[in-house]
Amino acid sequence: MDTHDSANYSLRKLRIDLVFGGAVVGLASGLISVLYRYTLGRLDDLRNILYGSVTLPRALLMLAGFFVLAYLMHLLLTWAPLSGGSGIPQIRGELLGKADIEPVPTLVSKFLGGAMGAFSGLTLGREGPSIQLGGTLAKMISKLFRASEMERRYLITAGASAGLAAAFNAPLAGALFALEELHKSFSHFFVVPCVVASVVANFISFSFLGMEPAFSFPMTEMLPVRMIWAPIIIGIFGGIFGSLFNKGLLFGGRQIKKLPLPRYVVIFLAMAIAFAVGIHSPLLLGGGHGLIEQLAKMPFAPKTLLLFFAIRLVLVWTGYDSGAQGGIFLPVLTLGALLGAFCHGFLIQGDMYYANFLYLGMAAILSSVVQAPLLSILLVSEMSGTMLQMISITAAAMVAYLVAQLFNNGPIYESLYDNMFSNEDEIVDHGYTMQYFFVPGDADYVGIPLEKLKIPHHPLIASIKREDITFTPNKDTILLEGDELLVLCKEQHLESLSTFFGDVE
């Protein structure tokens with residue numbers, strides 16, 4: 001077998017392995033994500049029962065219990081340091097060679113710590129933990145099957161996408177999130193396992209939790225084209241408040257780190273703040289799914305919506321910045337629903353298009369916070385169960401994205417990643433690995449010989465696939481649009497190489 005045939009055989013085998021690997025990872029990630037989602041739902045019900053009638057003895061007993069939970073969460077975080085927060089920056093760090101997640105401690109800490117945080121009422125979501133649970137479980141599976149380092153990254157990305165798909169019953173958004181936010185590459189080597197894993201995970205979710213969208217209220221009335229001004233206004237407010245959310249979250253995180261307090265005390269204080277709110281309105285606690293469903297059933301007065309928005313904003317900031325295990329995706333969507341409900345009451349009278357406004361608010365704030373309008377459009381469309389409102393949802397998401405750009409609002413997950421992995425001395429040396437890179441048409445290195453390119457860290461370009469031909473390059477080889485490069489490099493250099501080759505914006 002000559003070199004050309006050998007390279008083509010290796011590529012075919014990799015593609016086949018990734019399809020089957022994506023299915024296995026999707027099955028495992030779907031199961032753990034569904035179990036996590038179910039567990040949090042039952043704990044939310046139990047918490048609401050506890051808040052049903054809070055007497056002074058019960059209040060003291062609950063606070064004592066929360067202190068114990070905070071200390072246990074602290075112990076779990078000490079055992080698994082990369083299990084705090086949403087988990088999305090950690091998975092990206094794993095993919096780029098800047099982290100080495102220990103699977104068993106991280107899975108245990110993320111699941112149990114997230115469950116304890118949800119029971120205490122911390123305003124944190126299930127999607128970030130589901131993404132890390134799925135990605136971490138995929139890492140364990142890749143080791144079990146002795147996958148290469150390159151295949152391991154593909155499967156971790158697929159596991160993360162499956163986690164989000166199961167959390168929101170949104171397989172396409174799950175795949176897009178993993179590709180757009182985690183790996184920032186649309187190479188088919190990532191697309192295929194991510195789509196397969198997401199669909200399998202969504203099948204698992206439908207099998208155990210029912211074939212329903214993430215939220216029970218559909219958009220029964222289509223927003224007419226003449227009302228395009230409504231999503232534009234919502235987009236403006238979404239861009240403003242999304243920027244406020246990001247800046248407040250990052251500022252609070254910096255300030256809390258300066259406090260001379262143990263981590264378990266900080267987590268307990270966040271629980272105590274949530275407890276003070278829960279005594280008056282337990283509906284405001286937790287991820288926010290119940291609040292969104294209640295908003296859809298019964299519109300609140302505008303002043304109440306503003307108060308709820310402000311309280312939830314503070315609860316998310318204090319809960320996430322405490323370092324507890326939990327995400328911000330669902331809390332952000334809850335803020336969007338509150339914004340949409342307020343705009344509906346302010347702009348339109350009656351019940352017409354009320355559900356539409358809730359979803360428009362979700363798309364707007366999510367687009368501003370994450371700085372991923374395509375993901376916001378697709379996720380909200382899948383959660384609503386219809387793709388017929390693409391015009392209005394796209395308008396809200398894109399306007400919010402532009403407003404956030406004017407406010408110099410960076411993507412929240414990239415900011416959290418930078419804060420977590422800014423110290424180059426902490427980079428883990430995994431040794432050498434291989435990675436495929438796709439050459440985009442607008443890259444500034446297209447048409448320039450390899451010997452004249454200042455590629456960081458001087459990696460070895462093992463082969464180039466151009467159309468149906470695979471060959472070994474030399475110093476005079478010129479890269480063209482659509483080339484697929486197989487690069488040998490140190491794993492901790494993946495981030496800078498991804499930036500150079502155009503996969504990271």
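Points to keep in mind about this one:
- One decimal place: the segment S496-D418 gains 26.7 nm when fully extended, by the rule 0.36 nm per residue minus the C-alpha distance.
- Sites S216 and K257 - FRET efficiency at Förster radius 45 Å, r taken between beta-carbons, to 0.05: 0.70
- Anisotropy class of the chain from Cα gyration tensor, a/c 1.5 cut: prolate
- For the chain, a crude dipole built from +1 on the beta carbon of Lys and Arg and -1 on the beta carbon of Asp and Glu, taken about the Cα centre, is about 1480 debye to the nearest 20.
- DSSP-assigned coil residues among chymotrypsin sites (Phe, Trp or Tyr not before Pro) in segment 180-285, each with at most 15 further Cβ atoms within 10 Å: F186
- Taking all protein chains as shown and a probe of 1.4 angstrom, T220 keeps an accessible surface of around 110 Å².
- Packing around the peptides 15-25, 87-97, taken as the average count of other Cβ atoms within 10 Å per residue, puts them in this order, highest first: 87-97, 15-25.
- Gain upon complete extension [L450, F300; 0.36 nm per residue less C-alpha separation]: 47.8 nm
- Of E467, E382, the residue with the largest accessible area leads and the full order is E467, E382 (1.4 Å probe).
- Cα gyration tensor category, rounded, prolate or oblate, for segment 326-390 with a/c compared to 1.5: oblate
- For segment 397-479: rounded, prolate or oblate by the Cα gyration tensor [a/c cutoff 1.5]: oblate
- Taking each residue as 0.36 nm, the span from V104 to A64 lengthens on full extension beyond its C-alpha to C-alpha distance by 11.5 nm.
- Ordering of 404-410, 111-117 by packing [mean C-beta count within 10 Å, highest first]: 111-117, 404-410
- What segment 264-317 shows is 41 Å² of accessible area per residue, with the surface traced by a 1.4 Å probe over protein heavy atoms.
- Restricting segment 208-286 to trypsin sites (Lys or Arg not before Pro) that sit in a DSSP loop and have at most 13 other Cβ atoms within 10 Å of their own Cβ leaves K258.
- In the chain, helical runs assigned H by DSSP with n ≥ 4 each contribute -39500 (n - 2.57); averaged across all residues and rounded to the nearest 500, the mean residue ellipticity at 222 nm is -21500 deg cm²/dmol.
- Euclidean distance between Cα centres, segment 91-124 to segment 167-240, Å: 23 Å
- A probe of 1.4 angstrom, applied to the heavy atoms of all protein chains, finds K490 with accessible area near 50 square angstrom.
- Solvent exposure, largest accessible area first (probe 1.4 Å, DNA, RNA and ligands not counted), of T386, T499, T106: T499, T386, T106
The values are calculated or read from the model by the stated rules, or taken from the named source; none is laboratory data. As the structure is a prediction and not an experimental result, all values here were calculated from the model. Every residue, glycine among them, receives a Cβ derived from its backbone with ideal geometry; neighbour counts consider all protein chains shown. Heads up: the accessible areas ignore ligands, DNA and RNA and are worked out on the full protein's heavy atoms, side chains in. Shrake-Rupley method; radii C 1.70, N 1.55, O 1.52, S 1.80 Å.
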